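K.L.:
Mind having a look at this structure? Questions to follow.
The values are calculated or read from the model by the stated rules, or taken from the named source; none is laboratory data. Treat the numbers as computed from the prediction; the structure is a model and nothing was measured. Methodologically, a virtual Cβ is constructed for each residue, glycine included, from the backbone with ideal geometry; neighbour enumeration extends over all protein chains shown.
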Amino acid sequence: MDKYKKFREAFRVILFPLIILQFLRTMFFPTPVDVFILFLFFVIYVSIMMNII
C-alpha cells in the first residue's frame, strides 16, 4: 500500500503543471478535445486531493 501512496503523490505533483499547461493551451486554441482533456485532468486531480482515488 505504501507504493500506491508514493505513486499517487508523484502523480499529483506531475498533474498540476500539466493542468496549468493544458489550461493555457485551451485558452489560446480551444477545441473540444482540449476542453475534455482539461476536464479529465481536473477531475483526476480533485479525486486524488479528496482521497477518492
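K.L.:
Among (1) surrounded by 10 or more Cβ atoms within 10 Å (Cβ to Cβ); (2) out of contact with any helix residue (DSSP H, G or I) (no Cβ under 6 Å at 6 or more places or on another chain), where does residue 29 come up short?
P.N.:
(1)
K.L.:
Related question: Out of all the residues in the chain, which are among the acidic types (Asp, Glu) and assigned to a loop (DSSP other than H, G, I, E, B)? Lay out the reasoning, then the answer.
P.N.:
First pass over the chain, keeping only residues among the acidic types (Asp, Glu): 2, 9, 34.
Residues satisfying the conditions do not exist here.
K.L.:
So how many residues does segment 10-33 have that are of a type in the set (Val, Ile, Thr) and under 11 Å from the mean Cα position of the chain (by Cα)?
P.N.:
Just the residues of segment 10-33 that are of a type in the set (Val, Ile, Thr), to begin with: 13-14, 19-20, 26, 31, 33.
Filter once more, so that each one left must be under 11 Å from the mean Cα position of the chain (by Cα): 13-14, 19-20.
Final tally of qualifying residues: 4.
K.L.:
Here's a follow-up. Take the chain and flag every residue that is charged (D, E, K, R) and at pLDDT 95 or above. Break it down into steps so the answer makes sense when it comes.
P.N.:
Step one: list which residues in the chain are charged (D, E, K, R), which gives 2-3, 5-6, 8-9, 12, 25, 34.
Answer for the chain, where residues must be charged (D, E, K, R) and at pLDDT 95 or above: 25, 34.
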